[in-house]
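These notes are about the structure you will find just below.
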Amino acid sequence: MPRFFFSVFLSVALSSVMLSLTGCSVKRVHYTKPGHTSAARHRATMRTYTVRGRTYHPTYVKVGDTMIGISSWYGPNFHGKMTSNGEQYDMHAHTAAHKTWPMDTMVRVQNLQNGKSTVVRINDRGPFVAGRVIDCSYAAGKELGLDKTGIAKVKLTVLGFAGKIYRPTAAQKRDRAALPSVHLSDFGVQVGAFRRKIGAEITRRKYTTIVRTPKHVMIREFTVGGLPLYRVWVMGFGSAEEAKDFIADRGIAGGFLIRP
């Protein structure tokens with residue numbers, strides 16, 4: 001074998017040996033730092049999306065919001081693959097997939113069948129199976145006992161955002177409006193404009209029953225041609241795309257994007 005090719009062969013062989021020796025000590029590479037999804041990527045993950053013919057509408061939540069349903073878990077087959085927020089899935093970390101809640105939301109998952117609970121950070125979308133509300137990582141699923149049962153009925157409780165857990169004060173517990181909520185932008189949609197305030201109030205009440213906090217419905221008063229004009233705005237969308245999807249999904253005639 002020529003000396004040059006022998007040197008190359010030896011170099012590659014030694015590199016392979018060193019890699020096999022280091023094993024799990026090789027530094028994991030994350031496309032996005034866990035718990036610190038960029039605002040742009042976060043907004044992108046709040047867009048309406050469709051999987052297997054079903055459309056999902058990501059929504060914002062407040063600390064204390066709850067949900068009950070079936071939990072499953074996913075492990076080795078997905079380990080190292082990219083999640084919806086750009087991280088690499090680590091089956092040994094306490095993370096989870098949820099179809100609509102914001103990325104990096106901190107959630108307590110309580111197994112209602114055995115009383116066990118754990119805390120996870122949402123970094124993926126799913127599970128896309130009817131009736132299931134969350135897909136836990138292997139580590140989190142094991143704490144809940146899912147490694148033995150596969151699935152279980154659970155209660156989800158929002159604890160915080162951006163990878164942080166909030167401790168509500170006594171005043172915040174009494175007034176849910178004061179509880180922290182994730183908020184990324186002030187995109188909004190105008191859903192109506194009225195000369196009489198009563199028309200604006202009726203529309204505000206209608207949309208208040210449709211949207212969830214922290215999206216909020218407000219009436220803004222303007223003067224046009226010397227006369228009052230009451231505009232009804234739905235605020236709190238994470239991106240222009242999400243706001244436009246809201247207009248299209250609801251079929252809002254004359255609705256348009258605003259950003260005050």
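The values are calculated or read from the model by the stated rules, or taken from the named source; none is laboratory data. The structure displayed is predicted, hence computed values, not measured ones. For neighbour counting, all protein chains shown are included, and Cβ atoms are generated from backbone atoms with ideal geometry for every residue, glycine included.
Test Pro228 against the criterion of being modelled with pLDDT of 90 or more, out of contact with any helix residue (DSSP H, G or I) (no Cβ under 7 Å at 6 or more places or on another chain) and either of a type outside the set (D, E, K, R) or part of a strand (DSSP E or B) (or both), and give yes or no. Criteria met by Pro228. What about Asp104, is it charged (D, E, K, R), assigned to a strand (DSSP E or B) and either within 18 Å of the chain's Cα centre (by Cα) or more than 23 Å from Gly75 (Cβ to Cβ) (or both)? No; evaluated as a whole, the condition is false for this residue.
Do we find a residue being assigned to a helix (DSSP H, G or I), without any contact (Cβ under 8 Å) to a residue 12 or more places away in the chain, at negative phi and out of contact with any His (no Cβ under 8 Å at 6 or more places or on another chain) anywhere in segment 120-138? There is no residue in segment 120-138 that is assigned to a helix (DSSP H, G or I), without any contact (Cβ under 8 Å) to a residue 12 or more places away in the chain, at negative phi and out of contact with any His (no Cβ under 8 Å at 6 or more places or on another chain). Of the residues screened, Val154 is one that is in contact (Cβ under 8 Å) with a residue 40 or more places away in the chain, part of a strand (DSSP E or B), assigned by TED's automatic domain parsing to the domain that holds Tyr56 and farther than 11 Å from Trp73 by Cα. Taken as a whole, segment 141-151 holds no residue that is in a strand (DSSP E or B) and either in contact with a Gly (Cβ under 9 Å, 6 or more places away or on another chain) or farther than 30 Å from Ala170 by Cβ (or both).
His92 falls short on exactly one of the conditions (1) out of contact with any Asp or Glu (no Cβ under 8 Å at 6 or more places or on another chain); (2) crowded, with 18+ Cβ neighbours inside 10 Å, and that condition is (2).
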